[in-house]
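The values are calculated or read from the model by the stated rules, or taken from the named source; none is laboratory data. These figures come from a predicted structure and were not determined experimentally. Positions of Cβ are backbone-derived with ideal geometry, glycine not excepted, and every protein chain shown enters the neighbour counts.
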């Protein structure tokens, strides 16, 4: 299948004359970015999971103990993965349940579902069961759906409201307290907005009147007496265009574009000092609100001034202000560039997510212990006190070069911080910090793209570290850099510094085309989930397999790039990459590029176990990008060339049926290892 031939001669087309200026380097291509921009149109934050609509498909992240991610399994994920729904127009989540309205106006739900046991039993009662596969709810003509912990309601295109689930407090609005596994019609009409709390429901009619029903234990119905109401009851003296409900409070957008809230106020979520619940709606002193979203015990808004604000409970950083103290005054949500402003916000139980207005990304904050923020993990505290950028995975980047040829440089393990530079000094020799030397070397080679193979900044990769160090050397190459994540990126929880620095180029896994090849980048630290995230059945592994198949279908050779090598003659072969490696071999990859071990090493083709095999896949370790070198031990089977004396980079030229390589030293630009090999799609 694969034939790999080393040629010990200088390949003239591989090594290029030095560029005359940095502008020549940057003008080689129209800098990296997304070739196809995903469209995120809806976001819904729940208890321990979040769902979005991306290009009409529902993607979810977080806990999946009840099947609430809708993937057909109970495997949780700390990054957004596609559900089985591919044609959604809206999504809503609550508790451990998710629902979506599909393009045909039907509603499908998954996760915790209400059921009835044997009706012949002496005491038939409603129970709950889990479904990891979406199940159709028997109702059509749906405009929107609202999902609570134990009940849900749908607003139909005929302006009626239908609810199902628990009804012990009358929250279904049909004048009974009988639970229902199928939608029953609430006793009202002409509804344009509906939302649900823990045990109550509220709606806005076309007349602007607001009606609520269910429990009134915290005056969430806007009525004095705490007895529940089994049928819709008018909330006095309010007029609204939309409503949002928390666990036991509500907020409306009034017809005069003001915000009013009532009900539980134990954390100041109504906009006045925390205390007893309020029957009379409280006016919020905020100008030009556009959207409102109530979480369990906090709420968020967006305004016409392009700002996002939250108030209420803050135990889990729901207010993203670096504190854990509840606030009754709005706290401004500050995002990191290049996310720009936020257009839509969704508040959940203890976290919130918002869609960026000009970027195909989100900004999420609060508790992320179960992966509900979608950023690959939340560190030891489980919290994001200021927020984190979340960019979509599985995207296609702009192509490199042409379909006939692409010139690329690849290396990882790059920039030292100030402390390391003070200890080791700067220069091209292996014991020094060599990122400035390799950056200068790359400029002289004038490639069309740079593959930065992870561990870009030592020791950690916070935004401030990247800006103070990496940015001064390899940052000058940023316009042509295609980065991948290593383990040091995750020393900043969720690789948050990396995502803020690289923006749209920061997803965990992505593809691009170069010289007729398909380059497939994967995250071998597995979105911070070292084992589950790179398992044989993980979303990333399955995606890698599908992309390799797509490359073969399109008659393209394929290169897989990731930070960690399966084997190494140094000390840092990484067995946890076995399924990514096995998928690369089984899928017919023609080349695998890695780093992690601070050495350069080239292997003969290797099989799925990492042993030499004629029909295997050649492996390169290019880890001399600038961090001080590692030692090399006895060569492992298949190793054909090794060095760790000086820093340097791997230079590649890709053409549709071959590739040429050379390892170039940053000391004197000498070529220490070189050759070429054919590839067969």
Report whether or not residue 527 is touching a strand residue (DSSP E or B) at 6+ places or on another chain (Cβ under 6 Å), modelled with pLDDT under 95, crowded, with 23+ Cβ neighbours inside 10 Å and part of a helix (DSSP H, G or I). yes
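Inside the range 241-314, counting only strands (runs of 3 or more DSSP E) that do not spill past its ends, which hold 2 or more residues that are surrounded by fewer than 18 Cβ atoms within 10 Å (Cβ to Cβ) and more than 27 Å from the chain's Cα centre (by Cα)? Lay out the reasoning, then the answer.
Working: elements: 249-254, 259-263, 278-283, 289-294, 298-303, 308-312.
By residue number, 278-283.
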I'm told residue 75 meets every condition in (1) modelled with pLDDT of 95 or more; (2) over 15 Å from the mean Cα position of the chain (by Cα); (3) within 20 Å of residue 526 (Cβ to Cβ) except one. Can you identify the failing condition by its number? (1)
Please enumerate the residues belonging to the range 406-420 that are surrounded by fewer than 24 Cβ atoms within 10 Å (Cβ to Cβ) and touching a helix residue (DSSP H, G or I) at 6+ places or on another chain (Cβ under 9 Å). 407, 417, 418
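Quick check: is even one residue across the range 447-459 modelled with pLDDT under 95 and part of a loop (DSSP other than H, G, I, E, B)?
The answer is yes; a qualifying residue exists.
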Consider residue 56 carefully, then state whether it is in contact with a strand residue (DSSP E or B) (Cβ under 7 Å, 6 or more places away or on another chain), at pLDDT 50 or above, surrounded by fewer than 22 Cβ atoms within 10 Å (Cβ to Cβ) and closer than 28 Å to residue 502 by Cα. yes
Please go through the range 602-628 and give me each residue that is buried (at least 24 other Cβ atoms within 10 Å of the Cβ) and modelled with pLDDT under 95, ordered by number. none
Could you grab me the full set of residues in the range 545-567 that are touching a helix residue (DSSP H, G or I) at 6+ places or on another chain (Cβ under 9 Å), assigned to a helix (DSSP H, G or I) and either crowded, with 24+ Cβ neighbours inside 10 Å or in contact (Cβ under 8 Å) with a residue 60 or more places away in the chain (or both)? none
Could you tell me whether the range 331-345 includes any residue that is buried (at least 19 other Cβ atoms within 10 Å of the Cβ) and without any contact (Cβ under 8 Å) to a residue 24 or more places away in the chain? yes
Sole miss for residue 318 among (1) surrounded by fewer than 23 Cβ atoms within 10 Å (Cβ to Cβ); (2) over 17 Å from the mean Cα position of the chain (by Cα) is condition (1)
Could we say that residue 511 is at negative phi, surrounded by fewer than 22 Cβ atoms within 10 Å (Cβ to Cβ), out of contact with any strand residue (DSSP E or B) (no Cβ under 8 Å at 6 or more places or on another chain) and in contact (Cβ under 8 Å) with a residue 60 or more places away in the chain here? no
Could you go through the range 650-657 and let me know if any residue there is touching a strand residue (DSSP E or B) at 6+ places or on another chain (Cβ under 8 Å) and in a loop (DSSP other than H, G, I, E, B). yes
Just one of the numbered conditions (1) in a strand (DSSP E or B); (2) surrounded by fewer than 24 Cβ atoms within 10 Å (Cβ to Cβ) is not true of residue 353; which one? (2)
Being under 16 Å from residue 568 (Cα atoms) and surrounded by fewer than 23 Cβ atoms within 10 Å (Cβ to Cβ) is true for just one of 632, 599. Which residue is that? 632
Quick one: which of 668, 673 is in contact with a strand residue (DSSP E or B) (Cβ under 9 Å, 6 or more places away or on another chain), in a loop (DSSP other than H, G, I, E, B) and modelled with pLDDT of 95 or more? 668
Count, please, the residues in the range 321-350 that happen to be under 20 Å from the mean Cα position of the chain (by Cα), assigned to a strand (DSSP E or B) and at pLDDT 95 or above. 3
Go through (1) in a helix (DSSP H, G or I); (2) in contact (Cβ under 8 Å) with a residue 12 or more places away in the chain; (3) under 16 Å from residue 393 (Cβ atoms) one by one and return the number of the condition residue 542 breaks. (2)
Looking for something crowded, with 24+ Cβ neighbours inside 10 Å and either in a strand (DSSP E or B) or touching a helix residue (DSSP H, G or I) at 6+ places or on another chain (Cβ under 7 Å) (or both) - is there at least one such residue anywhere in the range 63-75? no
Odd one out for residue 403 among (1) surrounded by fewer than 23 Cβ atoms within 10 Å (Cβ to Cβ); (2) under 19 Å from residue 98 (Cβ atoms): (2)
How many of the residues in the range 19-53 are modelled with pLDDT under 90 and surrounded by 12 or more Cβ atoms within 10 Å (Cβ to Cβ)? 10
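Kindly check whether there is at least one residue in the range 411-429 that is farther than 30 Å from residue 554 by Cβ, within 26 Å of the chain's Cα centre (by Cα), modelled with pLDDT of 95 or more and assigned to a strand (DSSP E or B). Step through it out loud before you land on a result.
Taking the range 411-429 first, the residues farther than 30 Å from residue 554 by Cβ are 413-429.
Within this subset, residues satisfying the condition of being within 26 Å of the chain's Cα centre (by Cα) are 413-415.
If we keep only those that are modelled with pLDDT of 95 or more as well, we get 413-415.
Next, only the ones that are assigned to a strand (DSSP E or B) stay: 415.
Yes, the conditions are met somewhere in the range 411-429.
Right, residue 295: at positive phi, in contact with a strand residue (DSSP E or B) (Cβ under 8 Å, 6 or more places away or on another chain) and at pLDDT 95 or above or not?
On the way: at positive phi: no; in contact with a strand residue (DSSP E or B) (Cβ under 8 Å, 6 or more places away or on another chain): yes; at pLDDT 95 or above: yes.
The answer is no for residue 295.
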Please verify whether residue 521 is within 16 Å of residue 391 (Cβ to Cβ) and touching a strand residue (DSSP E or B) at 6+ places or on another chain (Cβ under 8 Å), treating the condition exactly as stated. yes
